[in-house]
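For reference, the structure is listed below as structure tokens.
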Amino acid sequence: MKKTLLAAAALLAGAALAGILLCAAAPPVQNDVQLRAMSDELARSKTLQLNNLDKPYFIQYNIGDTEQVMISANLGGITSSTHGRFRPALLAVRVGDYKFDNTNSIYSRVPRFGSLPIDDDYLVFRNQLWIATDALYKSSAEQITRKRNALREIAEPDKTPDFAPAKAVEIIQPPAKLEIDRKAWEDVLRRASSRFTSYPGLVDSVVRLRAISSTYRLVNTEGTVIRVPQELTDLLVRAAALAPDGSRVWDHRLITVLHPSQLPAPGEISKMVEAVAAETSELAKAPVESDYSGPVLFEQEAAAQMMASVLSDALRLHRKPLAAPGANSPQVLESVWAARLNSKVAPEWLTISDDPLQTQFKGTPLAGHYQVDDEGVPAEHVLLVDKGALKGFLASREPVREFSASNGHGRLPGNYGSEAAVIGNLFVHADQTVPESQMKSKLLAMIKAAGLKYGVVIRRLDFPSTASLEELTSMARQLQKSGYARTLNSPLLAYRVYPDGHEELVRGLRFRDFSAKDLRDVAMASDRPFVLNYINNGSSFNHLDSGGDATSSSVICPSLLFDSLDLARSENEPGKLPIVAAPALIAQQ
């Protein structure tokens, strides 16, 4: 299901589903004020028609009833502690028919509404939905008129249908309830963040907890009725420092689970703070890496992060919006695997699938679990890469090329009135593996065979990125300057590994042009998969607090060793060091 991140308040309005059952004998909709108002207004909205304009053929209401607790701490003090409740709503009104409607053109817009009142007032709900539906219908009618006018100027228009029908689904579950001891967690974060005071070289640090509980409701004119509970909790530990040359370095740990009870114990959280503080301090002292071309080992967390990044776009097809000749049509960055169906895209021993129905992997809860997507389509297991050959894509209800039906992965608002297909639980399975303990020795053997002075091990990427706006702007300039269309998030923890086995932490590395095409160069995989639960905004360059819409996903992947990759020295503009020493340093003198 959809999880909506409200940028202005940084409020996450949804999460991974837990324990959803298809109910044969669901409680009556009449017992739920919101569902009753949604269903009644939906029935009336079917009769909408203005003059001789097209009538709606599909209407859908999505409402999230969400509670959120967010606590932030810095250097032993609570900087914010908030509890909020809100009801974000998303409406869709399609006019025309399944073959041709108001979407998938440059005139189409993503339907949005805002937030509904938190009081269960039937008439207020009906009134709000009526006003929004009326306005959206008029907009949709205008869009399809402009689309028809543009179509007349195209000699050979795309005949792909605009929307795929779906069977009605009824899922009714008890409403969600936020269960968290806010005061107890404030004490945990206060104690944990105080560990940063022992590292005066840090210029920024935070320990942040977000706990969200939401009841997601959906009704549409096909007969689908959904009410399901959703939960998501994440814990961020982040620190930043300045290197002697003024360059900013940072490190983070992000724990994403379904419920606060699944978070690490307070003692483990304090250890995480110590580790992030120590790693950031070491990064500030580390040498700047130069350009590198050679074997690269992505260990555990970094391997899963890399796959989450490069496969976000590779595993879904993008549809080019209809536009009249000469119109300012936007550039559509096509999947690098778009023309590779049934072709080799990875080693023959590698298989990739997505299965949102799995709730855990070897005891670890999977945040990408759900049973029905944002378009009311039940989730499906999808075989994506079978023994190295591409077999399919993640799909929403937007038909693209020969893929005319959804496989239950429409989880985020896409472009031009469509829904974007997003990873649920992505499993990367290797038939041929090497013991995890031997992966480094395999890298050393490659280094010696290539006659290199050292190789590179990456243990963490900046994914999801916690870079600042200034840092993101600098990265964008570098990417534009280099002319690369795609790249991978920069490494946070990268090490030179010398032939004798000793390691040296380095900073300032970035990847050159990197995409799913490079998966053909994977030489071997370890025998120990790593579970990465993360907040997914649907972008290959995924920023943790980018605002807008997001959902939760999981990637299960072992360590991966590449024959050769190209990395370059980052060209971030250094800042200025503080004029005076930190207060902690002054106090010690």
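Structural remarks
- Under Karplus coefficients 6.51, -1.76 and 1.60, residue-wise ³J(HN,Hα) of region 411-427 in Hz, glycine/proline x: 10, 9, x, x, 9, 6, x, 9, 10, 8, 7, 9, 4, x, 10, 9, 9
- With Cα atoms defining each centre, region 549-568 and region 279-321 are spaced 6 Å apart in the structure.
- Packing-based exposure ordering (other Cβ within 10 Å, fewest first) of Leu311, Leu322: Leu322, Leu311
- Looking at region 3-285 alone, DSSP beta bridges between its own residues are antiparallel in about 95 percent of cases.
- What the Cα atoms of region 259-311 give is an Rg and a Dmax of 15.9, 44 Å.
- Helices in the chain, meaning DSSP H runs of at least 4 residues, each add -39500 (n - 2.57). Divided by all residues, the mean residue ellipticity at 222 nm is -6500 deg cm²/dmol.
- Calculated FRET value between Asp121 and Arg44, using beta carbons and R₀ = 22 Å, to 0.05: 0.80
- Amide H contacts of Leu322 (H built 1.01 Å from N, under 5 Å, at least 5 apart or other chain): Ser105, Ile106
- If you plug the beta carbon distance of His83 and Glu170 into 1/(1 + (r/R0)^6) with R0 = 22 Å, you get a FRET efficiency near 0.10.
- Backbone geometry of region 279-287 corresponds, through the Karplus equation with coefficients 6.51, -1.76 and 1.60 at θ = phi - 60°, to 3J(HN,Hα) couplings of 5, 5, 4, 5, 4, 4, 9, 6, x Hz, x marking Gly and Pro.
- Positive contributions from Lys and Arg (+1) and negative ones from Asp and Glu (-1), summed over other residues with Cβ under 9 Å from the Cβ of Pro435, come out at -1.
- Arranged from fewest to most other beta-carbon atoms within 10 Å of their beta carbon, Met446, Met439 become Met446, Met439.
- In this simple spin-label model, placing a label point 7 Å from the Cα along the Cα-to-Cβ direction at both Asp545 and Arg401 gives a separation of 3.9 nm.
- For region 3-285, the Stokes-Einstein estimate of translational diffusion at 10 °C and a viscosity of 1.306 mPa s comes to 72 µm²/s, using the Kirkwood hydrodynamic radius over alpha-carbon pairs.
- The fewest-to-most ranking of Tyr57, Tyr370, Tyr107, Tyr454 by surrounding Cβ atoms within 10 Å reads Tyr57, Tyr454, Tyr107, Tyr370.
- Amide N proximity, region 241-269 versus Lys285 label position 7 Å along Cα-to-Cβ, cut-off under 20 Å: 241-252
- Taking each of Lys55/Lys147; Lys344/Lys440; Lys46/Lys167 in turn, the alpha-carbon distance tops 24 angstrom for Lys344/Lys440.
- Straight-line cross-link reach from Lys177 at under 21 Å between alpha-carbon atoms covers these lysines, not counting any fewer than eight positions away in the same chain: Lys2, Lys3.
- Length gained on full extension, Glu571 to Glu268: 105.5 nm, using 0.36 nm per residue less the C-alpha separation.
- Derived scalar couplings between HN and Hα for region 394-400 equal 6, 9, 9, 8, 8, x, 9 Hz in order, rounded to whole Hz, by the Karplus curve 6.51 cos²θ - 1.76 cosθ + 1.60 (θ = phi - 60°), x for Gly and Pro.
- 25 °C / 0.890 mPa s Stokes-Einstein diffusion coefficient of the chain, Kirkwood radius on C-alpha pairs, µm²/s: 96 µm²/s
- With a simple spin-label model that places each label point 7 Å from the Cα along the Cα-to-Cβ direction, the separation between Leu505 and Ala339 comes to 4.5 nm.
- Label zone at Asp521, where the point sits 7 Å out along the Cα-to-Cβ direction: region 444-461 residues whose backbone N lies under 13 Å: 456
- Across region 71-212, Cα-Cα pairs more than 26 Å apart make up 57 percent of the total.
- Two-site FRET efficiency, Thr364 against Lys387, from Cβ-Cβ distance with R₀ of 25 Å, rounded to 0.05: 0.45
- Model label zone, Asp245; criterion: amide N under 15 Å from point 7 Å along Cα-to-beta-carbon; scope region 495-533: 506-510
Taken together, the values in this text are just the output of simple stated rules run on the coordinates, not laboratory data. All values reported here derive from a predicted model rather than from experimental measurement. Neighbour counts run over all protein chains shown; Cβ positions are idealised from the backbone, glycine included.
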